[in-house]
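Trainee: Shown below is the structure under consideration.
Bear in mind that the values in this text are calculations on the coordinates, not laboratory data. What you see is a predicted model, and the numbers here were worked out from it, not measured in a lab. All Cβ positions, even for glycine, are placed from backbone atoms using ideal geometry, and neighbour counts span all protein chains on display.
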Amino acid sequence: MKIKVNGIAIEFYKTSLLDLVVQYRFNPDKIVVERNGAIVSPESYPAIHLQDGDLIDIARSTGKK
């Protein structure tokens, strides 16, 4: 499937958001992920199945609230 990660188009051959996070070696506790404009909680990563055309933005979390 074709998705965009931080504005860059990629071919992704797995299915879940967790697969994407693992592939890029991100620590789920230290990032914020947005899928198609909505923030996704780290607990949901395994259940979120990516689809062709998804827009994913990944940013480092500052840890501050």
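Trainee: Only loop residues by DSSP count here, and only those with at most 15 other Cβ atoms within 10 Å; note down the trypsin sites (Lys or Arg not before Pro) in region 11-50 that meet that. Show your work: numbers first, answer last.
Mentor: On the way: sites: K14, R25, K30, R35; in loops: K14, R25.
For trypsin sites (Lys or Arg not before Pro) across region 11-50 that sit outside H, G, I, E and B with at most 15 neighbouring Cβ atoms in 10 Å, the list reads K14, R25.
Trainee: Would you check the chain for Lys pairs whose C-alpha atoms are within less than 20 Å, ignoring same-chain pairs closer than 8 in sequence, and give me the count? Mind dumping the intermediate values first?
Mentor: On the way: K2/K14; K4/K14; K30/K64; K30/K65.
Lysine pairs satisfying the spacing and distance rule in the chain number 4.
Trainee: If a/c stays under 1.5 just call it rounded; otherwise compare a/b with b/c (prolate if a/b is bigger, oblate if not). Do that for the chain, with a ≥ b ≥ c from the square roots of the Cα gyration tensor eigenvalues. All intermediate terms of the calculation are to be shown ahead of the outcome.
Mentor: Details: a/c = 1.73, a/b = 1.54, b/c = 1.12.
Prolate, since a/c reaches 1.5 and a/b exceeds b/c.
Trainee: Less than 10 Å Cβ to Cβ from K2, Lys/Arg counted +1 and Asp/Glu -1: what total charge do the surrounding residues give?
Mentor: Details: positive: K4; negative: E11, D52, D54.
Result for the neighbourhood of K2: -2.
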